[in-house]
Amino acid sequence: MATTVLAIPSNLPGGLDAERSGHFGHCEIYTIVKLEGKEIKEVTTLEPMPHTEGGCLMAVQHLATHGVTELIAGGMGMRPLMGFNESGIKVFYCPADGPVRHAVSAYLEDKLPVFSPDNTCQHHH
């Protein structure tokens with residue numbers, strides 16, 4: 001059975017009941033959900049990198065080095081989206097309202113679209 005490591009930008013303290021953060025590069029913490037097939041095996045948190053110049057791409061590398069295979073985000077710029085694509089991390093779009101649990105449920109039910117350039121933030125960091 002395939003293992004998926006799913007990252008969800010969250011507000012503190014993280015976890016399934018935490019509120020989701022609206023922008024992956026500025027989140028307070030990542031909730032990490034390890035799945036085997038459609039079953040949640042483990043829920044942990046991961047501290048984000050400081051958001052400095054080039055911070056979004058640093059965050060992409062940070063998540064990749066921690067084994068993340070997929071990400072659910074409500075917003076990000078084009079540069080980090082390209083970085084995730086190059087790193088082999090699949091990004092799904094889900095508006096950032098409600099707790100992490102709702103986004104994970106939508107993911108498990110195959111209700112989330114793949115993040116597209118139409119969903120990217122147009123502002124510069």
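The values are calculated or read from the model by the stated rules, or taken from the named source; none is laboratory data. Everything numeric here is computed off the predicted structure, so don't read it as measured data. Note: ideal-geometry Cβ built from the backbone for every residue, glycine included; neighbour counts use all protein chains shown.
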Per the list (1) basic (Lys, Arg); (2) closer than 18 Å to Ala103 by Cβ; (3) part of a helix (DSSP H, G or I), residue check on Arg79 breaks on (2)
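Rundown of residues vs (1) basic (Lys, Arg); (2) in contact with a helix residue (DSSP H, G or I) (Cβ under 9 Å, 6 or more places away or on another chain); (3) in a helix (DSSP H, G or I), yes/no style:
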position: Met1; (1), (2), (3): no, no, no
position: Pro9; (1), (2), (3): no, yes, no
position: Gly14; (1), (2), (3): no, yes, no
position: Asp17; (1), (2), (3): no, yes, no
position: Val33; (1), (2), (3): no, yes, no
position: Thr44; (1), (2), (3): no, no, no
position: Met49; (1), (2), (3): no, yes, no
position: Cys56; (1), (2), (3): no, yes, yes
position: Leu63; (1), (2), (3): no, yes, yes
Looking across the stretch 82-94 at residues that are part of a strand (DSSP E or B) and in contact with an Asp or Glu (Cβ under 8 Å, 6 or more places away or on another chain), the single one that is surrounded by the fewest Cβ atoms within 10 Å (Cβ to Cβ) is Lys90
Mind checking whether some residue in the stretch 23-34 is aliphatic (A, V, I, L, M), at pLDDT 90 or above and under 15 Å from Val5 (Cβ atoms)?
yes
Taking the stretch 32-48 as the search range and keeping residues that are in contact (Cβ under 8 Å) with a residue 40 or more places away in the chain and more than 25 Å from Arg79 (Cα to Cα), which one is surrounded by the fewest Cβ atoms within 10 Å (Cβ to Cβ)?
Lys38
Would it be correct to say that Thr65 is over 24 Å from Ser116 (Cβ atoms), among the polar types (S, T, N, Q), surrounded by fewer than 17 Cβ atoms within 10 Å (Cβ to Cβ) and touching a Leu at 6+ places or on another chain (Cβ under 9 Å)?
no
Can you pull out every residue in the stretch 19-31 that is surrounded by fewer than 17 Cβ atoms within 10 Å (Cβ to Cβ) and either in a strand (DSSP E or B) or in contact with a Cys (Cβ under 6 Å, 6 or more places away or on another chain) (or both)?
Glu19
